[in-house]
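The values are calculated or read from the model by the stated rules, or taken from the named source; none is laboratory data. All values reported here derive from a predicted model rather than from experimental measurement. No Cβ is skipped: glycine too gets one built from the backbone with ideal geometry, and neighbour counts run over all protein chains shown.
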Amino acid sequence: MDPCLSRVLRAGAALLLSLHALAAPAAYPEKNIELVVGYKPGGGYSDWAQAIAPFIEKHLPRKANVLVRHMDGAGSAVAASYVQRARPDGYVIGIYNVAGLAATQLAREVPYDLKRVTWLARLSFDDSVALVLAKGPYKSIEDFKKRTKPEYIVSTRGLAATNTITGAVTFAKMGVKWKPLNHAGTGESVLAVLRGDADITWGSYESVQQYVESGDLKLVLYYDSKRDPKFPDVPIPGDLGMPELNESMNSHRLIGAPPGLPADVREVLEQAIKKAVDDPGFADVTKKMKKTPAYLNARETTVLVDGLLKSYQSYAGVVKDLLARDKK
Amino acid sequence: MIRITERGVFSSLIFLFAYVILFRTLGLRADVALVPKMAGIILLAFSGVQVLMDLFPAVRKRLTFLNRNSDGSIGGEGVVQEQDEAGDTLFARYRFFGWVAAYIALIYLTSMIWATIIALFVYLKWINKESWLMSVLYSLGMALFIYLVFVLGFKLHYLL
Amino acid sequence: MGFLSQLGAVLQWDLMLIMVGSVMFGLVVGVLPGLGGTIAMVLLIPLTFGMSPEASIVLLLAAYGASNFGGSITSILINTPGDAVNAATTFDGYPLAKQGKAGMAITAAMVCSALGGLVGLVVLDLMIPVARKLILAFSYPDFFMLAVFGLTVIAAVTRGNTFRGLISALFGVLLAFVGTDPIVGGERFTFGVEYLWDGIDLIAVIIGLFAIGEAYTLSRQHQSIASDIKVESGISWEGVTAVAKNYWLFLRSCFIGIWVGMIPGVGGVVASFMAYGTAVQMSKTPEKFGKGAIEGVIAVESANDAKEGGNLLPTLAFGIPGNSAMAVLIGGLMMHGLSPGPEMLTKNIDTTEFLIAAAIVGKFVAMALGLMFGTRLIFLTRIRGSLMAPGIIAFGLVAAYGAGGKIGDVIVAAAFGLISVFMQKYGYSRIALIIALVLGGLLEASYHQSMTAFGVSGFFTRPIALVLLSIAVLSLAWPLIRRKKTRASA
């Protein structure tokens, strides 16, 4: 072929390709985006999803609806698998309970893989806490070292659940013997402590906040790098010689997309979410819901998840013990 | 003398279910397996007897006390509809099941609304032998109702 | 009674307008199978954002209260329960519709629901001072005995053939174990199918067993549901008098509803089945149940709505939801700065009384609208069966899918429709299956929980557990004792 012609052809091809590349991000989003929530309506995750969806919609570069779709099942694993298998075209994203999913991954075969999710942002995080009956016999977490019972009873919500693992790891480090009293829901597990059938329970602060505020339960341990100013007497794991537990077990609410999401689509979504979180309207809504956002961008979120997964892996042994076949 | 009937197949399936469940309890922790094992063993025993009765008329005659069909039942629960069925009743029944299965396949492959339109139309025109007008109106009407109530009303867009 | 003082606050023009709208919404949601009070409230929560706390309470509670009413209407007319709690209404409600007496059934159902709701809420009001102590008095051995008692109902219901009834029940119980086990929270009997991790969905099973199963029967008949019998339309005075004549049954069923409703985690479905079962056991003519005994409708509907009073008790006293709908309610209340918990019973007692008053008024508005709306739908029983059948199936499958967006639910519904056809043909009790499915989980969980928390002695040393056990034993023995007595006197 004539070298001049081939050069023209190549230039033309390059021009066409670049035009196409330019065209792609400009054309997203063209239709509705599904924001999948792995829990039923009425719960914390659903509230967050429904709160932020309209604001993401508002800050998208083109007009498209962000529709919340509830897909509860297997502790949000069904939703996580759904997003994992969806086409990475930016029209399906999900809100993730990373701690819960990471814990489940340790206990069973799962069809999702948190390492491969395209992380877009963190919406919030919640501190884990340990609670006892406010007017009960235990005044602090140290009381459990006194061995007043051969085995303390811990009220749980699934043995492979994040909160149970938190408790198991903590008690293992403290050398406390215990046995689980399992329930199907948070309400029932809290009731067990209120009745005195169980001695202690673990939870994420948001889900038990109302019981603390009403005075029924009191905190004995707060998992963070510094004490909560509202509860200056409640120690953090670092105070008791377990600083590695300060932040590794908290629950984070993340937004993610299927693996392999194109960089331009990811950019659009990341920006829209960031602007949504910064929107004063969103701040109003979260204040009314008494929830606090804690935004991290996509890169920071990915780093966070890697760290979390590593620390969860280190607790795999604890989980195996909990689920072991031959319990004595 | 063994007599294979639809009834025998049904009770055999229940027996099979009990067997499968019991089999799966072997891989479970002792306490997790406890209650299902107990229930499973009892069901295996009972359904086993039922299978024998259904397949062997001789056994049935001997165990009449297990086979009462008294009219003192609640609302017909427990009363066996014994009539021997004509061939076309059986055909109609399995055609019905086939239609439901096809409907579900359509839901999976297309969407709820489209599946409903197609499935209802097929049923009305070819199974029920209704008129063209009725078939079209009914299927479209139903689909419209579902659209208005579930998609627009409850915002369940995935039905589309 | 505290709520009386707040009645005036409820009966304001603007609030009543909201209430009427909300009741209509609740009725429609209730009618749709698979969708119940919980979804109704969830959809309304965004609307409450701009409203005052009082208006929000009226909006949410009216819709929730009305959803039960709507659900009973379709249970009676087309054997398609609006929600799991309405399943038991089909047992006698649908046979009544088949006899052309849908009007009487619907009237009785609406009246019982309103009065039952009233009784439940009044008792709630009276129990407020002891609410917290009462809830804390029930523990695992008591739940276990409650489940045992619930299972004895199966014996009553399968008088036709107990052997096959037991097979149905055991089948139901094993189905209840599919999913997550109560000790570890791990998966069990799921065969690697992710959809089964949460167990077999109750509403999908109910749609299959009752709605689709019945649709099959209808598809074979050219007569309408009501056959060729003259159908009485409109509100039936007979329905009202039937309730009055059975006041003792009504009160008993209300109390069963309230007590069962009070226990978080047990679920409202249990209340209606136990009320039905007790009605059968204590009736002098148990064989008429299931064939159109109005007593069956009365028992179920009263318990169904009385249990709402019970559900509100742990919700208000501790902020612990009695069921998923209450969880949504708590969320809604918290968004308006109301914290369920001891404060609701002391500092904010006025709000609580307002809530109760609003719920009571809501029930009567629902009754009025339900009667008007429901009786309009009686014409459905005059349509040719083979024409109703595909519609009912479409309706049922959409509902199964719409409930959670999982194709698995649709498959489960269809599968149980198929199973239902054979169960009816070969005499296996569907009622026994459903009761066992509902109670199986509770039975196993509470057994293991009791053993962990109390050991074996827990079952035999707690007063409430012993009382329930005695009632269970008695209910099994009663028919035998009565038979001996009649034989002796003959």
task: Sort out which residues of region C:422-443 are facing chain B (nearest Cβ under 7 Å) and surrounded by fewer than 24 Cβ atoms within 10 Å (Cβ to Cβ), and write them in order of number.
output: C:PHE422, C:LYS425, C:TYR426
message: I'd like the full set of residues that are within 8 Å of another protein chain (Cβ to nearest Cβ), crowded, with 20+ Cβ neighbours inside 10 Å and farther than 14 Å from A:GLY43 by Cα, limited to region C:34-57.
response: C:LEU35
query: Which numbered condition trips up B:VAL136, out of (1) within 14 Å of C:ILE411 (Cα to Cα); (2) hydrophobic (A, V, I, L, M, F, W, C); (3) more than 11 Å from every other protein chain (Cβ to nearest Cβ)?
result: (1)
query: For region A:65-106, how many residues are in a helix (DSSP H, G or I), of a type in the set (A, V, I, L, M) and closer than 12 Å to A:ALA49 by Cβ?
result: 1
- request: Six or more apart or on different chains, Cβ under 7 Å: which pairs go from a residue in region C:258-276 that's under 17 Å from C:VAL123 (Cβ atoms) and touching a residue at least 12 places away in the same chain (Cβ under 8 Å) to one that's aromatic (Phe, Trp, Tyr) and outside any helix (DSSP H, G or I)? Could you list them?
  value: C:ILE263/C:PHE138
message: Looking at region A:317-328 only, could you name the residues that are small (Gly, Ala, Ser) and either surrounded by 13 or more Cβ atoms within 10 Å (Cβ to Cβ) or at pLDDT below 80 (or both)?
response: A:ALA324
- prompt: Does C:ALA63 meet the test of being over 24 Å from C:ALA204 (Cβ atoms) and touching a residue at least 12 places away in the same chain (Cβ under 8 Å)?
  reply: no
task: Looking at (1) surrounded by 16 or more Cβ atoms within 10 Å (Cβ to Cβ); (2) within 14 Å of chain C (Cβ to nearest Cβ), find the lone condition where A:MET242 falls short.
output: (2)
- prompt: Name the residues in region C:160-219 that are more than 10 Å from chain B (Cβ to nearest Cβ), β-branched (Val, Ile, Thr), within 25 Å of A:LEU322 (Cα to Cα) and in contact with a strand residue (DSSP E or B) (Cβ under 9 Å, 6 or more places away or on another chain), would you?
  reply: C:THR180
query: Within region A:214-227, restricting attention to residues that are surrounded by fewer than 19 Cβ atoms within 10 Å (Cβ to Cβ) and more than 11 Å from chain C (Cβ to nearest Cβ), which residue is farthest from A:GLU244 (Cα to Cα)?
result: A:ARG227
- request: For region C:305-320, state whether one or more residues are touching a Cys at 6+ places or on another chain (Cβ under 6 Å) and of a type in the set (A, V, I, L, M).
  value: yes
- request: Can you tell me which residue among C:THR180, C:THR152, C:THR190, C:THR158 is surrounded by fewer than 24 Cβ atoms within 10 Å (Cβ to Cβ), of a type outside the set (A, V, I, L, M) and closer than 20 Å to C:ALA88 by Cα?
  value: C:THR152
query: What helices (runs of 4 or more DSSP H) lie completely within region C:162-229 and have 2 or more residues being at pLDDT 85 or above, under 24 Å from the mean Cα position of the chain (by Cα) and over 28 Å from C:GLY385 (Cα atoms)?
result: C:162-176
- line: Filtering region C:408-421 down to residues that are in contact with a Phe, Trp or Tyr (Cβ under 7 Å, 6 or more places away or on another chain), surrounded by fewer than 24 Cβ atoms within 10 Å (Cβ to Cβ) and facing chain B (nearest Cβ under 8 Å) yields C:LEU418, C:VAL421
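On the basis of being in contact with a Leu (Cβ under 7 Å, 6 or more places away or on another chain), closer than 30 Å to B:LEU63 by Cβ and at the interface with chain B (Cβ under 10 Å from one of its Cβ atoms), does C:LEU151 make the cut?
So C:LEU151 fails the test.
In region C:80-101, what count of residues is obtained for those that are assigned to a helix (DSSP H, G or I) and either in contact with a Gly (Cβ under 7 Å, 6 or more places away or on another chain) or within 17 Å of C:THR217 (Cβ to Cβ) (or both)?
Residues flagged as assigned to a helix (DSSP H, G or I) and either in contact with a Gly (Cβ under 7 Å, 6 or more places away or on another chain) or within 17 Å of C:THR217 (Cβ to Cβ) (or both) within region C:80-101 amount to 11.
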query: Taking region C:105-148, which residues are polar (S, T, N, Q) and within 17 Å of the chain's Cα centre (by Cα)?
result: C:SER113
task: Give the residue, chosen from C:ALA472, C:ALA488, C:ALA453, that is without any contact (Cβ under 8 Å) to a residue 60 or more places away in the chain and among the small types (Gly, Ala, Ser).
output: C:ALA488
- prompt: Right, C:SER324: under 21 Å from C:ILE128 (Cβ atoms) and either within 9 Å of another protein chain (Cβ to nearest Cβ) or aliphatic (A, V, I, L, M) (or both) or not?
  reply: no
message: The conditions are (1) touching a strand residue (DSSP E or B) at 6+ places or on another chain (Cβ under 7 Å); (2) over 17 Å from A:VAL268 (Cα atoms); (3) among the hydrophobic types (A, V, I, L, M, F, W, C); (4) surrounded by fewer than 24 Cβ atoms within 10 Å (Cβ to Cβ), and A:LEU114 fails exactly one of them. Which is it?
response: (1)
